[in-house]
Structures are given as C-alpha cells and as structure tokens.
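Only one structure is covered here, and it is reproduced in the block below.
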Amino acid sequence: VQLQASGGGLVQPGGSLRLSCAASGRTISNNGMGWFRQPPGQGREFVASINWSGTYTNYAESVKGRFTVSREKAGNTMYLQMNNLKPEDTAIYYCAGARQAYGPTSQSNYNYWGQGTLVTVSS
C-alpha cells in the first residue's frame, strides 16, 4: 500500500485547511487510518484516527473541536478538516494505515506511512 498525503500549505491563524490521504496499490478499506504530525524540532505525535467504516474516531486533546477526520465510503481516501488553526499546529502531517480495523492512537500499530505534507500556520 502506498499513501499520498496532500493539501498542506501556509495559512493564517484562525484559518482552515483540508488534508487528503489517498491509498493505492491495494485496498485499505478494511483497515483503520490515522493522522500524525511532527512539529519543528519535536517528535511525531498522534492527531486523529478513524476505524475502517468511518463510524469511530479518536482525537488528540489539542485538536478536539477544531479538527475532523473522515474517510470515503469506499475507504481508500481519508481527510482531515482543520479549522481555527493555531501557530502550534505548524508541523509536517503524515497519514498512516493501521494493521487493525479500528483506528489506533499508537504509531506502533501502523505499518503504512505517507510521505508527509507541511502545514504552516503564521501571520
């Protein structure tokens, strides 16, 4: 499975962006998927995840109420709608495919990773 993340860019504080993650190579519709991010000079951290059917989601406390993760019914594309962005959301955002059907929060449960897309929140 190859994952391609896109949609990053420069946005002002309070603005919005929508990230996409497209899977190819084989279907990932039976697997959970997740978003992680790596701020400058820091380690990679969990952002959000979604189960195989899109019915259950998890969020990091820092993004609850501002970010929404979703996936298409066919299951091979995932999105992250990011609203009310803050400077501390600046990071490289990675999408990942899980071994399990649910959406784990731990990186060790993911075995497919995209290349990352840069989100910069600055005025």
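The values are calculated or read from the model by the stated rules, or taken from the named source; none is laboratory data. Keep in mind that this is a model prediction, so the values were computed, not measured. As a convention, Cβ positions derive from the backbone with ideal geometry for all residues, glycine included, and neighbour counts pool all protein chains shown. For the accessible areas, the whole protein counts, side chains as well, though only heavy atoms, and no ligand, DNA or RNA atoms are used. Shrake-Rupley method; radii C 1.70, N 1.55, O 1.52, S 1.80 Å.
Do the conditions hold for ILE92, that is, is it aliphatic (A, V, I, L, M), outside any strand (DSSP E or B) and under 25 Å from VAL1 (Cα atoms)? So ILE92 does not fit the description; no.
Checking each residue in the stretch 95-115 for being under 17 Å from ALA5 (Cβ atoms) and of a type outside the set (A, V, I, L, M) picks out CYS95, GLY97, GLY103, GLN107, TYR110, ASN111, TYR112, TRP113, GLY114, GLN115.
Could you figure out which of (1) open to solvent by less than 30 Å² (accessible area, probe 1.4 Å); (2) in a loop (DSSP other than H, G, I, E, B); (3) modelled with pLDDT of 95 or more isn't true of GLN42? Every listed condition holds for GLN42 apart from (1). Applying a threshold of 9 Å to beta carbon distances and a minimum spacing of six or more residues, or different chains, the list of pairs starting in the stretch 26-43 at a residue that is closer than 14 Å to ASN58 by Cβ and in contact (Cβ under 8 Å) with a residue 12 or more places away in the chain and ending at one that is open to solvent by less than 70 Å² (accessible area, probe 1.4 Å) and of a type in the set (D, E, K, R) reads MET33/ARG71; PHE36/GLU45. Residues in the stretch 26-45 that are under 17 Å from THR105 (Cα atoms) and in contact with a Gly (Cβ under 7 Å, 6 or more places away or on another chain): ASN31, GLY32, MET33, GLY34. Candidates are the residues of the stretch 1-39 that are touching a Phe, Trp or Tyr at 6+ places or on another chain (Cβ under 7 Å), open to solvent by 10 Å² or more (accessible area, probe 1.4 Å) and assigned to a loop (DSSP other than H, G, I, E, B); the one that is nearest to GLY65 (Cα to Cα) is GLY8.
Annotation for the stretch 89-112: no member residue is loosely packed, with under 14 Cβ neighbours inside 10 Å and under 24 Å from GLY9 (Cα atoms).
Considered as a group, the residues in the stretch 70-86 that are open to solvent by 70 Å² or more (accessible area, probe 1.4 Å) and of a type outside the set (D, E, K, R) include one that is farthest from THR55 (Cα to Cα), and that residue is ASN84.
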